[in-house]
Amino acid sequence: MTRALTPVPFTDVDGIADFWANPVRLPETKLVPRGLLRTAVAVENLRRTGAKLRGEDVELLLSVPIRHCASEVFKVIEGAAYVLRRRRDARLEADVDELVDVIAAAQQPDGYLYEPHIVGVPADAEERRLGLLGPGPYTAGDLSHETYNMGHLYEAAVAYRDATGKRALLDVAEKNARHIERAFFLGDPAYNDGIPIERAPDHQEMELALLKLASATGEDRYRRMAKRFLEIRGVTFVPSGAGLADPQVGQHPSLADVIAHIQAPEFAQQHAPVAEQTTAVGHAVRALYQYIAMADIAALTDEQEYLPVLTRIWDDMAGRKMYLTGGVGVAHRIESFGAPFELPNAGSYSETCAAIANVLLGIRLAVLTRDAAFADVAEIALYNNVLAGTSLDGETFFYVNPLESDGSHPFNHGSAARSPWFSTACCPTNLARFLPQLPGLFYAHGDDDLYVLLYATNTTEVALAGGRVRVTQQTRYPYEGGVRIAVEPAESDASRRFAVHLRIPSWTGGRFLPSGPYDFDGEPGTEWQVRVNGRVLEVPVSSGFAMVEREWSAGDVVELVLPMPVRRNSCVPEVTSNRGRRAFTRGPLVLCAEDVDNPPSVFELELARDLSAFTVDSTAIGELDVPRVRIHTADDRSADLTLIPYFAWGNRGAGAMSVWLPVADDPAEGPNS
Ligand SMILES: [Zn+2]
């Protein structure tokens, strides 16, 4: 069995420049300040919960979904903590300290913390009327978000302790976790008539967060709780709902359908014990958070428990249920995975949160297995679906990330364009805490092996077995495929032997993603190159990593040259929406056509069968330059086509967009049948 690697934490990676300079700074400049403002109602509800506990007569404000609005406060605090970890900011810290006081005051003496059940909710309030809250704590099952909120509380508490050394929020989190242990596993007279609830949490955020709490505190009981929750999922309770009857693409299910769907066994992955699950099903974010928790358990055990299950599920997801953008989830399936090859373009859900989880899972699996394919998928999800989640200026957001929009259908939770916020704001608050941690996904190491998982301009020092190594990476990636990495022993002038492993992305081969329904239209891959100190080297490649093992000394530079031609992707005919269509990619970037560049309409575009000439220049969108690809055609029936990176779409107002474009005269059944 392959020995797992150790990731280099984001706090050890500095000097972020070039492509990532802007996105990684957005939490500090935009996402956290906006999050603090936009979660004011949720904070007020927490404040009122504290007042209720002091004996005051209060009611909750019902202008936000009260089931889960507190989670957004916790996620913004987590993002703020990572910002503070980089740079002291007395005012931001004071703001968070004030929030911590409000949260601590909203916690019951026994550790329970959930505003709706502490304050109480009028019987005619919508969330109560729909059965989304239940009559008391832990009675609404998977409709509730009690443990979802609590899990985000733990993650925020760990981050804030690590950033400031202050324990107050961590004390709240630990008190809550001990309450969960009593109520779910030991029996607490105040809950479920004193009988242990013994049921998997409403959201797998809890399992994931308990593992984080365990490693941050050294308390093994939290790890045991996470493990126990994973073991009882799909065992002690299996919902009996029928689920959602196969709806037509584009139809909007009724509320009754939605609730029936949530009560299906697959929705919260309770259709089978987790160790026996074989496919990616149900709510995509819940599923991916579960797989992340399972990967974290695998990393803690010598025998890498759960790893075979995870690779089996991942093969199903990446092979049959993932969009070209790395997105998962189908709109009419209600935030859930679709059936195999059910990947409608306009009807894609591809929630930003699910894509973030896909990145986190892929990097974890790459670290566990030393197999680059997992990181390849993480990279595609990152550069396409995740980055599309925020506008380039960090002012507006996509919750839903379709591969086609007519510019008028309000796919983005009521809007056909990017939105400044959402009533359920999981996605922008997730970006606020994910982007600052991104540099923690760049590197991993084991013994005398340094792995470069993602390419970006930065500097770090990595502790290999033989001593520390200084790494300075410079690149215009993902816009250009040259990566220059200076690698040298940090502590002495002497040379030392160790191996640098460079990920050779799947898109250098014959396909954009390492597996799944897409390939480069039958065209072969490109020739990449590794050079050391200017000399081309023949290097062995293992599981997608090129290995450069040698004596390294001061001044040594390894360069990776990855050609980035524009590639044309085709799709297997099982994906009916892509039949007779092609999509374009360049490097790790999916390209798309927008009306604004292709008047009068992208829906009038038709690709010539013979597409040979591409030119690449750049265009300014707002304050940033992004690459622009022009496809020229000799066929006078077809117009030239202008494409931009998918992540940059929707930055020039509402308008139509399409990734998969029809080919003139292509047989309806597509090229592969
Ligand atoms: Zn979300």
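The values are calculated or read from the model by the stated rules, or taken from the named source; none is laboratory data. Treat the numbers as computed from the prediction; the structure is a model and nothing was measured. Cβ: placed from backbone, ideal geometry, glycine included. Neighbour counts: every protein chain shown. SASA here: full protein model, heavy atoms, side chains in, ligands and nucleic acids out. Shrake-Rupley method; radii C 1.70, N 1.55, O 1.52, S 1.80 Å.
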Unmet criterion (only one of (1) in contact with an Asp or Glu (Cβ under 9 Å, 6 or more places away or on another chain); (2) farther than 17 Å from G15 by Cβ) for E480: (1)
Filter result (within 10 Å of the ligand (Cβ to nearest atom), open to solvent by less than 30 Å² (accessible area, probe 1.4 Å) and assigned to a loop (DSSP other than H, G, I, E, B)) within region 408-440: F422, A425
Every pair of residues 6+ apart whose Cβ atoms lie under 6 Å, when the first sits in region 131-143 and is farther than 13 Å from R199 by Cβ while the second is open to solvent by less than 20 Å² (accessible area, probe 1.4 Å) and outside any loop (DSSP other than H, G, I, E, B): L132/L143; L133/P116
With respect to the numbered conditions (1) open to solvent by less than 50 Å² (accessible area, probe 1.4 Å); (2) of a type in the set (A, V, I, L, M, F, W, C); (3) assigned to a helix (DSSP H, G or I), which one is the sole condition not fulfilled by L60? (3)
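Residues are listed down the side, and each one gets a yes or a no for (1) open to solvent by 20 Å² or more (accessible area, probe 1.4 Å); (2) within 30 Å of G466 (Cβ to Cβ); (3) not in a loop (DSSP other than H, G, I, E, B):
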residue: N569; (1), (2), (3): no, no, yes
residue: F584; (1), (2), (3): no, no, yes
residue: V596; (1), (2), (3): yes, no, yes
residue: P599; (1), (2), (3): yes, no, no
residue: R609; (1), (2), (3): yes, no, no
residue: T615; (1), (2), (3): yes, no, yes
residue: R630; (1), (2), (3): yes, no, yes
residue: I644; (1), (2), (3): no, no, yes
Single residue of R497, R468 found to be touching a Pro at 6+ places or on another chain (Cβ under 9 Å) and surrounded by fewer than 23 Cβ atoms within 10 Å (Cβ to Cβ): R468
Given (1) in a loop (DSSP other than H, G, I, E, B); (2) touching a residue at least 60 places away in the same chain (Cβ under 8 Å); (3) open to solvent by less than 40 Å² (accessible area, probe 1.4 Å), number of the condition P122 does not satisfy: (3)
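Residue-by-condition table, conditions (1) modelled with pLDDT under 95; (2) under 30 Å from G319 (Cα atoms):
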| site | (1), (2) |
| --- | --- |
| L513 | no, yes |
| P517 | no, yes |
| G525 | yes, yes |
| V536 | no, no |
| S542 | no, yes |
| A554 | yes, no |
| L560 | no, yes |
| N569 | no, yes |
| V575 | no, yes |
Unmet requirement for A51, which otherwise passes all of (1) at pLDDT below 95; (2) hydrophobic (A, V, I, L, M, F, W, C); (3) more than 30 Å from L365 (Cα to Cα): (1)
Complete set of residues in region 306-359 that are open to solvent by 10 Å² or more (accessible area, probe 1.4 Å), in a helix (DSSP H, G or I) and within 14 Å of the ligand (Cβ to nearest atom): A331
Being surrounded by fewer than 24 Cβ atoms within 10 Å (Cβ to Cβ) and away from the ligand (no atom under 15 Å from the Cβ) narrows G362, G394 down to just G394
Among the residues that make up region 95-114, is at least one of them open to solvent by 40 Å² or more (accessible area, probe 1.4 Å) and under 14 Å from V32 (Cα atoms)? yes
Determine whether region 462-469 contains at least one residue that is part of a strand (DSSP E or B), touching a residue at least 60 places away in the same chain (Cβ under 8 Å) and touching a helix residue (DSSP H, G or I) at 6+ places or on another chain (Cβ under 6 Å). no
